[in-house]
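As structure tokens, the structure follows; a few thoughts come after it.
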Amino acid sequence: MKVYVLQHAHAADDSEQDAKFIGVYSSRENAHAAIARLSLAPGFADASARFHIDEYEIDQDQWVEGYSTLASA
């Protein structure tokens, strides 16, 4: 079973990306319907091209490579 995760991202003033988790939908069509609804809302209306839909398979690991951190200088 697949789900569709909707997020919205834009560049913040300090050159970092500000990402907002919008929701999880049962179909790509439902995620697009959410974009249509939210595209008129304050903030989203100014950056409507910044929505992104990711497809995920339920009950599968998505990040399997591990991770490391960089020490602060």
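The values are calculated or read from the model by the stated rules, or taken from the named source; none is laboratory data. Only a predicted model underlies this, so the values are computations on that prediction, with no experimental measurement involved. Neighbour counts run over all protein chains shown; Cβ positions are idealised from the backbone, glycine included. Just the protein is used for accessible areas: all its heavy atoms, side chains included, with ligands, DNA and RNA removed. Shrake-Rupley method; radii C 1.70, N 1.55, O 1.52, S 1.80 Å.
Annotations for the structure displayed:
- Accessible surface computed residue by residue for the chain, with neighbouring protein chains in place and a 1.4 Å probe, gives 80 Å² per residue.
- Using a Gaussian network model of the chain in which every pair of alpha carbons under 10 angstrom is joined by a spring, one finds that among Ala36, Ala11, Ala19 the greatest mean-square fluctuation is at Ala11.
- Sequence-distant contacts, meaning Cα pairs under 8 Å at least 6 residues apart, place the relative contact order of the chain at 38 percent.
- Val5 paired with Asp59, simple spin-label distance in nm, labels 7 Å along Cα-to-beta-carbon: 1.9 nm
- Placing one equal scatterer on every Cα of region 17-68 and applying the Debye formula, the log10 ratio I(q)/I(0) at q = 0.21, 0.24 Å⁻¹ is -0.86, -0.99.
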